[in-house]
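Q: Below: one structure in structure tokens.
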Amino acid sequence: MAVKMVNLTIDNHSVSVPAGTLLVDAAKKVGIDIPVFCYHPKLEPVGMCRLCMVEIGRPVVDRATNQPVLEADGSPKLAFGPKLETACTTPVTDGMVVMTDNDKAAAEHKDMLEFLLTSHPLDCPVCDKGGECPLQDLTMRFGPGKSRFLFDEKKRLAKQMPLGELIILDRERCIQCARCVRFQDEIVDDPVIGFSERGRSLEIITYSEPGFDSIFSGNTTDICPVGALTTIDFRFKARPWELNAAASICTHCPVGCNLTINVRREARSGGRDVVKRIMPRQNEKVNEIWICDKGRFAHHFTESDQRLTEPMMRKGHEFVPVSWEEALQAAASQLKKAGDRTLALAGGRLANEDLFNLRQLALGLGGEAGLYSIMGGGELLTQVGVGQGTNLGDLGPGSAILVIASDLHQEAPLWWLRVKQAAERGATLIVANARPTRLDKFAKSVIRYNYGEEVEAVASLVPEYKSEVSEAVRDGIQGILGAENVVVFFGSDGLSLQGTTALATACANLLVKTNHFGRTNNGLIGVWPNANTQGAFEIGYRSMPDLAGRLAEAQAVYIAGADPAGDDPALAEALRKTGFIIVQELFMTQTARMADLILPVQAFTEREGSFVSGERRVQRYYPAVKGLPDLRPDYQIVAQIGELLNIPLEGRVASLVFLRLAEALPDFNGLTYQHLAEVEEQWPIYGREDLYYGGTGYHNHQGMGVQLKPAAQRVEPLYLPDAPEHPALTVPEGSLLVVPITRLYDRGTTMLPTSLLHERMEKPVIYIHPNLATAAGMQDGQSFQLVLNGISTLVQVIFDENAPVNAALLPRSVGVPIQGPALAQKEIVSA
């Protein structure tokens, strides 16, 4: 469909933009900066600050003939309005002539800035926004040289007002632009802050308990045009001009949010660079210009004093530091002895380069390599994953999205945000889950099932399904059949490894049967527990259903980036039967404590590498700080062991490992780090010199990644298994069904070192519906010894009206071992 273009003139520049474009954006596209405070290209325009006033002339039209009136020279006659108009609320029209910098407009800009400064504190030298402050910059460019208002008449307000434990408000600095309030309301559907009082007493307050209760709160500090909102993590820690920047990728979930890591060299660290803050880096195909608070704040594990700093070997009952030479020789010797009884077990937080080398080492020994994950089915995405060119931002009318067994708000916040926005643009959203989630209110169809019925719920969406279905399912069927594009997200809510594998298979078959695969904006996405779980599947790893048996049978186990012993006592017991255990880790985990050899590694901030997101986008990250001398990247350690075993592996730099990977894996053929570093022009223009327009963030000039083509898009044969039988769960009389759920703020290895998030981290609790709790003899707030699979743990009961009436919910990674749905006998659940 052709887009109607509108031609106009701005400051003697001819401009052609699509109809409906706002004047401020039209000017921006030709490099003309109209000053703004309240306007933001991602928010609805409100015209509150009045700083963007411009003079506009429009062609005079003869009412009788509806034709333009011409001057004597044949040019259109223009009629300029008696007053200036706001460029942020005025759409362009044909023939419009706009003056943004004439005397009339300049005087208005100066007056508005003078009014804004009447009660604004002149504390730029101590303000955290200094150096990247839109008010500072615009005052220098457009404002008055000095104020005509009396200092004693300035309004006095609270200077350090905690909105919550993460965000501090300086009420004197606030200019009431409402960007923060509108962001929370319009963008993330968390209207937990707002205005109170009137006139000069107008101020921001929080409505929630705890204060500013939103997982996206940090973004308000980016778009705040003054120093009114600052994060507790960065406040008074550094000046913007002291910071260096490195491009990176978030390591906490499968979205693959683009980040910039700001670092500064400091004396307290012995002259080394220190991470000062994490900022969003624009990628409109991934995270746009937003990040969640976990991605922003949970980076402190990289500089924790609990990090492993040197290789250690078990001698007797003690760990003794050893040299790298001795450690590598010991590893090679034990792996050589084990030969084909070697098992390499990798976690999804390893980079592609680490995963590739580790698997090649295991295969070179004749052993096997497995993925440690709570989810399976990633190999299906290599066949029917979303097509190359897929962008959730393009989904709207004519598209359908199915989200099943996933609480996206907690598991992948930016996907939740983008799916929500797609639904608001007109996409048909179908949410299927055993319990309510934050996405339900935006869905056209909400399908409820009992835990254990996930596969059946997907099967019911296939048109030829034989049984009677509910109205919600019929709506879902119509939504999928009537859509040109269908994207399916599947997760692990209430599921085991086997359950997620069966669900992935059912979803893949649904897409094939409805012909929504093999092209852009169609296909399957896994809501994985780690940033690079999909990368592991791409490289050839598979989840291991009988992991305990494999561990017990192995003569040598090489574990990297995983803590099976800490997650499951059954796996810890299996490891006790293993001959020799090598653990490659950041911290002294429970698995590391059981090891015979511990190899310390660099954190993602200290090295380069690449990840594959859940949308199969390959993205690279760069080193931000120099690691400690005795730390090495995972891929290098594995390559050095391989060298001792005469297994040739690349270990010099990550880019060369990636070249080997790209040669070996057809889906990656031809890719290089240079390809991953390519960028394209994005809209809105963001993170440039004009911070007042888009906010304090970073323009992307280090790489937007490359999305892989699935086999279906390459028109290759598909080999999809039939969805396995997955019978519904049966709960015997006198038993309590407990199912695992994922929470954003868990108590995992990379979360606990971030103390400022401790108040929001999940505790060992079970969420239970009051009716089910009463039947089980439980009381709200009561502590119980919960016994699951023979393991007893003290947990607290929390009544939750949104919990299902037939199962209790237990968060993962909070110290209570649960791998899937489990039964707890009521008689052994006691105070």
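The values are calculated or read from the model by the stated rules, or taken from the named source; none is laboratory data. The shown structure was predicted, so the numbers you read here are calculated from the model rather than taken from an experiment. Cβ placement follows ideal geometry from the backbone for every residue including glycine, while neighbour counts extend to all protein chains displayed. For the accessible areas, the whole protein counts, side chains as well, though only heavy atoms, and no ligand, DNA or RNA atoms are used. Shrake-Rupley method; radii C 1.70, N 1.55, O 1.52, S 1.80 Å.
Q: Out of (1) more than 22 Å from P529 (Cα to Cα); (2) surrounded by fewer than 24 Cβ atoms within 10 Å (Cβ to Cβ), the odd one out for L599 is which?
A: (2)
Q: If you check N244, N262, which single one turns out to be of a type outside the set (A, V, I, L, M, F, W, C), open to solvent by 30 Å² or more (accessible area, probe 1.4 Å), under 21 Å from Q702 (Cβ atoms) and at pLDDT 95 or above?
A: N244
Q: Residues to consider are T302, T342; find the one that is among the polar types (S, T, N, Q), under 30 Å from N262 (Cβ atoms) and open to solvent by less than 60 Å² (accessible area, probe 1.4 Å).
A: Being among the polar types (S, T, N, Q), under 30 Å from N262 (Cβ atoms) and open to solvent by less than 60 Å² (accessible area, probe 1.4 Å) holds for just one of T302, T342, which is T302.
Q: Looking at region 763-772, which of the residues that are out of contact with any Phe, Trp or Tyr (no Cβ under 6 Å at 6 or more places or on another chain) and surrounded by 13 or more Cβ atoms within 10 Å (Cβ to Cβ) is farthest from G815 (Cα to Cα)?
A: If we take residues in region 763-772 being out of contact with any Phe, Trp or Tyr (no Cβ under 6 Å at 6 or more places or on another chain) and surrounded by 13 or more Cβ atoms within 10 Å (Cβ to Cβ), then N771 is farthest from G815 (Cα to Cα).
Q: Given (1) crowded, with 24+ Cβ neighbours inside 10 Å; (2) on the phi < 0 side of the Ramachandran plot, identify the lone condition not met by Q555.
A: (1)
Q: Let me ask another. Could you grab me the full set of residues in region 773-785 that are modelled with pLDDT of 90 or more and either buried (at least 16 other Cβ atoms within 10 Å of the Cβ) or closer than 18 Å to L495 by Cβ (or both)?
A: Answer for region 773-785, where residues must be modelled with pLDDT of 90 or more and either buried (at least 16 other Cβ atoms within 10 Å of the Cβ) or closer than 18 Å to L495 by Cβ (or both): A773, M778.
Q: Assess whether D746 counts as being of a type in the set (D, E) and more than 26 Å from the chain's Cα centre (by Cα).
A: Spelling it out, it is not the case that D746 is of a type in the set (D, E) and more than 26 Å from the chain's Cα centre (by Cα).
Q: OK, next. Which members of region 646-689 meet the condition of being open to solvent by 20 Å² or more (accessible area, probe 1.4 Å) and hydroxyl-bearing (S, T, Y)?
A: Listed by number, the residues that qualify are S655, T672.
Q: Please state which of the following conditions D185 fails to meet, knowing it meets all the rest: (1) surrounded by 15 or more Cβ atoms within 10 Å (Cβ to Cβ); (2) in contact with a helix residue (DSSP H, G or I) (Cβ under 7 Å, 6 or more places away or on another chain).
A: (2)
Q: I'm checking my understanding of the structure. Among residues of region 164-182 that are more than 22 Å from L43 (Cα to Cα) and of a type in the set (A, V, I, L, M), which one is surrounded by the fewest Cβ atoms within 10 Å (Cβ to Cβ)?
A: Out of the qualifying residues, it is I168.
Q: Give the number of residues within region 277-300 that are more than 21 Å from L752 (Cβ to Cβ) and of a type in the set (D, E, K, R).
A: Result for region 277-300: 4.
Q: How many residues are closer than 17 Å to G609 by Cα and hydrophobic (A, V, I, L, M, F, W, C) when one looks only at region 514-536?
A: Here the count works out to 2.
Q: Ok, one more. Filter region 400-413 down to the residues that are under 24 Å from E484 (Cβ atoms) and either of a type in the set (A, V, I, L, M) or part of a helix (DSSP H, G or I) (or both) and list them by number.
A: Matches in region 400-413: A400, I401, L402, V403, I404, L408.
Q: Moving to a separate point now. Looking at region 567-586, which of its residues are touching a residue at least 40 places away in the same chain (Cβ under 8 Å) and of a type in the set (A, V, I, L, M)?
A: Residues satisfying the conditions are A570, I582, L586.
Q: A follow-up question, please. Specify the residue that is farthest from L243 (Cα to Cα); the eligible residues are those in region 612-669 that are hydroxyl-bearing (S, T, Y) and in a helix (DSSP H, G or I).
A: The selected residue is Y635.
Q: Here's something else I'd like to know. At least 3 residues that are in the same structural domain as V386 (by TED's automatic domain parsing), over 29 Å from K336 (Cβ atoms) and at pLDDT 95 or above in each: list the helices (runs of 4 or more DSSP H) lying fully within region 494-569 that qualify.
A: 497-513
Q: Would you mind stating whether E759 is under 31 Å from the mean Cα position of the chain (by Cα) and not hydroxyl-bearing (S, T, Y)?
A: yes
Q: Out of region 378-395, which residues are over 21 Å from the mean Cα position of the chain (by Cα) and open to solvent by less than 10 Å² (accessible area, probe 1.4 Å)?
A: Of everything in region 378-395, those that are over 21 Å from the mean Cα position of the chain (by Cα) and open to solvent by less than 10 Å² (accessible area, probe 1.4 Å) turn out to be L380, V384.
Q: Now, a different point. Can you tell me which condition A572 does not meet? The list is (1) aliphatic (A, V, I, L, M); (2) touching a strand residue (DSSP E or B) at 6+ places or on another chain (Cβ under 8 Å); (3) more than 30 Å from V487 (Cβ to Cβ), and all the others hold.
A: (2)
Q: Please go through region 169-207 and give me each residue that is free of Cβ contacts under 8 Å to residues at least 24 places away in the same chain and farther than 30 Å from F151 by Cα, ordered by number.
A: Passing the criteria: D185, P191, V192, Y207.
Q: Return the residues of region 801-813 that are crowded, with 20+ Cβ neighbours inside 10 Å and in a loop (DSSP other than H, G, I, E, B); say none if nothing qualifies.
A: A803, P804, A807, R812, S813, listed by residue number.
Q: Does region 245-252 contain any residue that is closer than 27 Å to L113 by Cβ and not polar (S, T, N, Q)?
A: Within region 245-252, none of the residues are closer than 27 Å to L113 by Cβ and not polar (S, T, N, Q).
Q: A further question follows. In region 482-502, what residues are surrounded by fewer than 15 Cβ atoms within 10 Å (Cβ to Cβ) and either in contact with a helix residue (DSSP H, G or I) (Cβ under 8 Å, 6 or more places away or on another chain) or among the aliphatic types (A, V, I, L, M) (or both)?
A: Within region 482-502, no residue meets the criteria.
Q: Does A472 qualify as being among the small types (G, A, S) and under 29 Å from the mean Cα position of the chain (by Cα)?
A: So A472 does not fit the description; no.
Q: Let me ask something additional. Out of region 432-471, which residues are free of Cβ contacts under 8 Å to residues at least 60 places away in the same chain, open to solvent by 50 Å² or more (accessible area, probe 1.4 Å) and assigned to a loop (DSSP other than H, G, I, E, B)?
A: K444, P463, E464, Y465, K466, S467, E468, S470
Q: Restrict the check to region 361-384 and report whether at least one residue is without any contact (Cβ under 8 Å) to a residue 12 or more places away in the chain, assigned by TED's automatic domain parsing to the domain that holds L649 and outside any loop (DSSP other than H, G, I, E, B).
A: The answer is yes, given that some residue of region 361-384 is without any contact (Cβ under 8 Å) to a residue 12 or more places away in the chain, assigned by TED's automatic domain parsing to the domain that holds L649 and outside any loop (DSSP other than H, G, I, E, B).
Q: Taking the conditions exactly as written (open to solvent by less than 20 Å² (accessible area, probe 1.4 Å) and either under 32 Å from the mean Cα position of the chain (by Cα) or at pLDDT 95 or above (or both)), does G47 satisfy them or not?
A: Yes, satisfied.
Q: Exactly one of these conditions fails for L794: (1) open to solvent by 30 Å² or more (accessible area, probe 1.4 Å); (2) closer than 22 Å to V455 by Cα; (3) in contact with a Pro (Cβ under 9 Å, 6 or more places away or on another chain). Give me its number.
A: If we test L794 against (1) open to solvent by 30 Å² or more (accessible area, probe 1.4 Å); (2) closer than 22 Å to V455 by Cα; (3) in contact with a Pro (Cβ under 9 Å, 6 or more places away or on another chain), just (2) comes out false.
Q: Tell me which residues, restricted to region 412-431, are in contact (Cβ under 8 Å) with a residue 24 or more places away in the chain, open to solvent by 20 Å² or more (accessible area, probe 1.4 Å) and among the charged types (D, E, K, R).
A: Answer for region 412-431, where residues must be in contact (Cβ under 8 Å) with a residue 24 or more places away in the chain, open to solvent by 20 Å² or more (accessible area, probe 1.4 Å) and among the charged types (D, E, K, R): just R425.
Q: Same structure again: Within the set of pairs 6+ apart or on separate chains, which have a first residue in region 627-643 that is closer than 18 Å to D273 by Cβ and touching a residue at least 24 places away in the same chain (Cβ under 8 Å), a second that is open to solvent by 10 Å² or more (accessible area, probe 1.4 Å) and not in a loop (DSSP other than H, G, I, E, B), and C-beta atoms under 6 Å apart?
A: Close Cβ pairs satisfying both conditions: G627/E606.
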